[in-house]
Amino acid sequence: MLSLVVVVLATIATGFIVWANDKRHGKYGIALPAGVSATVGVLSWIAFIMAGFGYQPGLTWIPWILPIVLGTGIAIAVVVFLGRKRTQHDTAALTKALRL
């Protein structure tokens, strides 16, 4: 269970770091990358524990490190995708409003 607590805290922290480093972070909420990162981290931790990686010699690092890496990677992907889409949507809406 300690590894789950570490994964949750680390993925939330990396989610906030991803949000802070994104130049378009005003387009979405502050909790989005942290929530996505924590969700992916917890689900992957559960999958790795259910697969038995937490109890095999030489593989005990997988439930500790890999969920943090996966959560951070997915948070970056969501932020990049959502930031671009929201920027395009906002630009289209502003252009439509200016044409009226």
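A few remarks follow.
- Between W61 and N21, the FRET efficiency from the beta-carbon distance, with R0 = 22 Å, is close to 0.25.
- Partner lysines whose Cα lies under 19 Å from the Cα of K96, excluding those fewer than 8 positions away in the same chain, are identified as K27, K85.
- Here the peptides 4-10, 90-96, 19-25 are ranked by packing, the mean other Cβ count within 10 Å, and the order with the highest first is 4-10, 19-25, 90-96.
- Rounded to the nearest 0.05, the FRET efficiency derived from the C-beta distance between A92 and L2 at R0 = 35 Å is 0.15.
- Scanning the chain for DSSP H helices at least 20 Å long along the axis (C-alpha atoms) with a Kyte-Doolittle mean no lower than 1.6 picks out 2-21, 31-50.
- For segment 37-100, the relative contact order works out to 35 percent when only alpha carbon pairs closer than 8 Å and six or more residues apart are counted.
- FRET efficiency estimate (nearest 0.05) - Cβ-Cβ, L9 to M50, R0 30 angstrom: 0.90
Here, each number is a calculation from the coordinates, and none is a lab measurement. Just so we're clear, the structure is a prediction, and the values are computed from it rather than from any experiment. Heads up, the Cβs are rebuilt from the backbone with ideal geometry, glycines too, and the neighbour counts pull from every protein chain shown.
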